[in-house]
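The values are calculated or read from the model by the stated rules, or taken from the named source; none is laboratory data. Because the structure is predicted, anything quoted here is derived from the model rather than measured. Here the Cβ positions follow ideal geometry from the backbone for every residue, glycine too, while neighbour counts run over all protein chains shown.
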Amino acid sequence: MEEDIVNLIVLGVLSWTTAFLVIRKIFSKRSYGFSNRIVSTIHATLAVTLASLSVEDWSCPVCPLASKSSVKQKRTLGVTVAYLIYDLICCLFDERVGLDNMIHHLVSIVGILACLAYQKGGSELVAALFVSEISSPFLHARELLKEVGYRDTDLNLAADIAFAVIFSLARMVGGPYVTFVTFSANNPMLIKAMAMGLQLVSAFWFYKIVKMVKYKLTRRTNKLLQSS
């Protein structure tokens, strides 16, 4: 792995940690998770932006396949792997540690580091990053709204539905396509394994999201019937 990318990752971990500490200081009366979700929202927005800027040809966003990663792609992945390392550490201090989330982080970290080490597969990994993070701001907005007093409101339900729709389209339509082209191209086996691992985690989360939306819509319908 190139020295400048290693330096970027180290600087990134320190930067994300510093951002969390500053936000934690500003919102000292809020929960630990509240501050971490703000950092996660900042990362998701930055990751989607950098991923978009690194696309070489929008007529084929995943092209060129199994090619040498560009500088923009490596920097984009470096910023994200730094965030994932920071967030994995944060998960260890959270009261509610999700095993699925930790597996997702570990698979992503190993896959991105492999891509940066091989200096190959940047197009596929950046596409996977875009697909993975495009729904994240809505995911975090759901929880942030709950903590500031908008639990069980129309605004919170709208955030739930927006997240569910964007996640479903990105992870269950775009995700399988990215996984397919990653397997079809001449990528290292570790990168292919990461693609499959992320898709399996996405399918598990999709199942949970469907259950969540069904529960919320049923509860909202029952409340409307009771009030009428």
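Below is a table of values for the structure above.
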quantity	calculated
Residues within region 85-120 that are at pLDDT 85 or above, within 18 Å of the chain's Cα centre (by Cα) and not in a helix (DSSP H, G or I), tallied	0
Odd one out for GLY149, checked against (1) at pLDDT below 90; (2) assigned to a helix (DSSP H, G or I)	(1)
Residue that is nearest to LEU113 (Cα to Cα) [pool: residues in region 186-228 that are touching a Gly at 6+ places or on another chain (Cβ under 8 Å) and not in a helix (DSSP H, G or I)]	PRO188
Number of the condition not met by ARG142 [criteria: (1) buried (at least 16 other Cβ atoms within 10 Å of the Cβ); (2) touching a residue at least 40 places away in the same chain (Cβ under 8 Å); (3) charged (D, E, K, R)]	(2)
Any hit, region 94-113, residues being out of contact with any Ser or Thr (no Cβ under 8 Å at 6 or more places or on another chain), over 18 Å from THR41 (Cβ atoms) and of a type in the set (Asp, Glu)	yes
Residue, farthest from HIS140 (Cα to Cα), within region 194-216, restricted to residues that are of a type in the set (A, V, I, L, M) and without any contact (Cβ under 8 Å) to a residue 60 or more places away in the chain	MET196
